[in-house]
Each structure stands twice: as structure tokens, then as C-alpha cells.
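Taken together, the values in this text are just the output of simple stated rules run on the coordinates, not laboratory data. Bear in mind the structure is a predicted one, so any value in this text is a computation, not a measurement. Because the Cβ atoms are built from the backbone with ideal geometry, glycine has one as well, and the counts that use them run over all protein chains shown.
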Ligand code: AHR
């Protein structure tokens, strides 16, 4: 018999339930593309300036990149980063952001009512990606921008040399082409807040033209068409169908965005992953039907290239009376324990859809609704949401196995197996606010014989957060866990998230 761990008393649980979970080895969900652990950097507030780039910071590299942020990005396990927006891209002229810094123009950024200095542009972003060891994902401007400007950026970035634009890049210090494979055809063009927003038919036509032209340059590019900005858009669904009908033979991904909000109803907020499950299932169904209707369709998958918890209704940042400042503090959300549990459960939902989602990007990376915070001349630290992301990112490239919890259970489980079958990662969310759980899983058939590590997040205060003064208020801790005769048992306090790594190499 396996020992029965007890959930930590600190969590104040009135009762404990036992939750037997079945792991189905026969029908894996799919392989978790490493790009599921992407993120997003926009010219917005202090995401770029003061986040990625701060030449005045004592920690900065010779290029002006914050080294402490680079270290945290590596620890987070981010694989791909989308840039430069977001709403910003729809008013951005990429050419303003290349060449000698002193000649780059200051511009108004209407999306975020800010002043853009253009000190940081495409070449700096690519250099930052190389320093961070992440893949770049560039968005072209299909809002106010035209197709010619998009093609010029592609030529500037990817053509080796011998043309005016490629030689300009070489002259700017980048001798080798940037070789960017992933390109977003605009951003949120279904939204009336977007510069140059369009009807579904209007966007579908522009996206088809852009994809066709970009493929004339390089047919191996991976292209992402714009899907709905969120599931509450009145055009959600119809937009996807129209765009897919026109582009399913031309693009590789359909994007979608979703943010979750804690309006004080914690019990509802912790069930956010159910909404994400339904959102992804709906879009996956539309993609499947579009493929069936178009025999020459490409193998289109979902690019969930903005997702996160974002309590945007709680901030004044978006008020219309805000006036143009340079690199203002915007959307500097302080994430709580409850937010971290939700982010962990959303990562599980993404993994559960590994068969249909090929890219996912936590929006955003630093300072602006990010898992990393950095202060000028001060420290960089991990927000609560950093921890579930870093733990889940260990499943990059793993096979996601199907699991089944008892009907009505508050415990959500995800199990992944490394390609060499030596490691199993188990992720668990306890959504109950009052009841502790002891989850049990039979992992004997996977050959698991030893618990390698346990990283759990819980706290007596669901609103506990990490701050500059107390950056380690919420960090992963152990919970009682046991593995005997192939049965894994994990004690989960109320409102908690846990990642357990099991060793499947041959036991002693
Ligand atoms: O991530 C913040 C904003 O959210 C992005 O600019 C936009 O694409 C979305 O609405």
C-alpha cells in the first residue's frame, strides 16, 4: 500500500478528499511542441525599455540588454518570443527602428498613448533573441502598414545581401540574415481599438495577399493569420470561418488571444481553464472543418499567441485622458498566488490541446503583465506566475498522455513523458478553495520508481504576491508526496498547483 500523505495543515482545509486519477497510456494527446512555451514582447510601457533593454542599468551587457532579465528568461524556459506587438505593431514603421540610433525618429504611439523613441528595433530584438537563446516571431503591420512595407521588412531581415535593403542590414552590423521563420500577418485586426481594423472579409483578403507575396520570397516561411481577439468578440467564430476559408491553403497557423480576469469571484476565476478548453476546442473544430472543405489546405494549427491573467479592468492605464509619455509604467500587474494557480491550470489546458495548438505565447514577458519584473538600477525578480510556467516548460517536447479525473472533481491533472521515456512530469491543480485533496495516479506502466522533485504553490493568503521588498513571498515548496509500487500520491492544499517530476530510468 502506498502511504497516504496529508495535505499541509497551513492551508486551513476543513476536509480532505481522495482523488484517484487514471492515466491512459494507449491514446496519447500529442507531442508538446516546444513553442507552446513562448512569450511576447511589445513596445508597451517598460516591456522593451527598462525590461529587455536598459543601457544605464549596472547589470547590462555591452548591447544594453539587462543581464539579470536574460538570466531569468533562461530559467523560465521560454522558447519563442513574439515581437513588436500587439496593438503597437498596427501603427509601427519598422524602418524607423533600424540604422544609427541618433538618427531614429521619435514617434507617437497611438495604441498606448506613448512616445516611441525607436532606440530598440528589429536588429536589437534579433540580437536579444540570440543572447536569450529564443526563437524570434515577428509581426508585420497590416493595420496602417501596407504589403510593400511588410515585404521590405522580410527582405531586410532574411535576404542574405546584394539588394538595397539586405545591404542596409549588413551596413547596420548584421552580416548574416536574421532568418526569421515565424511571421504574424498583423495583430487583432477584428478589434475596433486596432489601428486599421477591418471586417473579416477585408482582413481575409489582405492576409491572403500578404501570405502569397511572402511565399514568393520564401515558401518555407511559417505564417500566422489573425483570429479573434477574444471569445467575447461579437464576430468570434464567423471571423475564424471567413479567414480560414480564404487562407487555409496559404498559412500554417490561425492565431487567437485570451486573457482571464479575477473580478473577486475566486471560485469562478480558478475555473478559467474550462473557458480556455472550450475556446480552443471551438477553434480547433473550425480549423478541422476548413481543412475538410479545402483539399489543398495546409496543416493549420492554433497559435495562441497572447494568453494570460490580466486584471486590466482594475487599472487606469487605458483611460483615454492619459497623455503621451516616453516609456510610461503601464500594465505592471502584481500577480498573486491565485493568479499563479490559474496560470498553471491554463498551461495544463494548453498541453491538453497539444494535438491542435502549435504555438502559445504568455503575454507578456517583462514588467508589462509579465512573469518577470525589473526596476531601473534595482533588482529583477520572479512574479508568482513565473513558477508554474518554469515548471510546465520542462514538458517541452514531451508526449502528453490522456488522464481522467473522477466526475465533478476539483483536481485537474496533466501527465507528460519525455521522448527518451526517462522522465514523467505530473502537473496538478486543486481548484477547491476549502478542501484539500490527495491525488493518486498509477504510474507503474511508465516505469516511474522515484520522485525527483516536487514544486508546489499554495498559501494561506490567495492574494499573496512577490514584490521588490519581498520577492520570495510565493515560491515553489514541497508538499507530501509518495511513490510506492507504482502508485503516486500527492497531497494538494486548497487552491494549489503542483508539478512533480518522476524518474523512470532503471531503478536500483
Ligand atoms: O498584450 C497587451 C495587448 O493585448 C496587446 O497589445 C493586444 O494585442 C491585446 O489586446
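For region 373-508, taking the reciprocal of the average inverse distance between every pair of different Cα atoms yields a Kirkwood hydrodynamic radius of 16.0 Å.
Calculate how steeply helix 67-76 sits against the longest principal axis of the alpha-carbon atoms of the chain, using the helix alpha-carbon long axis, and give the answer as 0 to 90 degrees to the nearest 10. Compared with the principal axis, the helix lies near 50 degrees.
The angle between the Cα long axis of helix 122-132 and the longest principal axis of the Cα atoms of the chain comes to about 30 degrees, rounded to the nearest 10. As a proxy for reagent exposure, 151, 492, 463 were ordered by neighbouring Cβ count within 10 angstrom, fewest first; the result is 463, 151, 492. For the chain, the square roots a ≥ b ≥ c of the C-alpha gyration tensor eigenvalues yield an a/c of 1.5 or more together with a/b exceeding b/c, which makes the shape prolate. Is region 108-164 best put as rounded, prolate or oblate by its Cα gyration tensor, with a ≥ b ≥ c the root eigenvalues, rounded for a/c under 1.5, and otherwise prolate when a/b is larger than b/c, oblate when not? Since a/c reaches 1.5 but b/c is at least a/b, the shape of region 108-164 is classed as oblate. Does region 430-508 come out rounded, prolate or oblate, given a ≥ b ≥ c as the square roots of the eigenvalues of its C-alpha gyration tensor, rounded meaning a/c under 1.5 and, failing that, prolate meaning a/b above b/c? Judged from the Cα gyration tensor, region 430-508 comes out oblate (a/c at least 1.5, b/c at or above a/b). Residues 184, 504, ranked from the fewest to the most other C-beta atoms within 10 Å, line up as 504, 184.
What value, in deg cm²/dmol to 500, does the helix sum -39500 (n - 2.57) over DSSP H runs of n ≥ 4 give at 222 nm once divided by the residues of the chain? Walk me through the numbers on the way to the answer.
Working: 10 runs with 118 residues, N = 508.
Calculated mean residue ellipticity at 222 nm is -7000 deg cm²/dmol.
Bridge orientation summary for the chain: considering DSSP beta bridges with both residues in this region, about 55 percent are antiparallel.
Placing dummy labels 7 Å off each Cα toward the beta-carbon, the span from residue 472 to residue 259 is 3.2 nm. Separation of region 158-196 from region 374-432 is 34 Å, based on Cα centroids.
For the chain, relative contact order (Cα pairs under 8 Å, six or more residues apart, normalised by length) works out to 23 percent. Summary of the geometry: region 479-508 and region 225-259, compared by the centres of their Cα atoms, lie 39 Å apart.
Placing pseudo-labels 7 Å out from each Cα toward the beta carbon at residue 27 and residue 444 gives an inter-label distance of 2.4 nm.
What percent do you get for the relative contact order of region 118-244 when only Cα pairs under 8 Å and 6+ apart count?
Working: 159 pairs, mean separation 30.3, N = 127.
Relative contact order, region 118-244: 24 percent.
Listed by Cβ neighbour count within 10 Å, with the fewest neighbours leading, 283, 126, 115 appear as 115, 126, 283.
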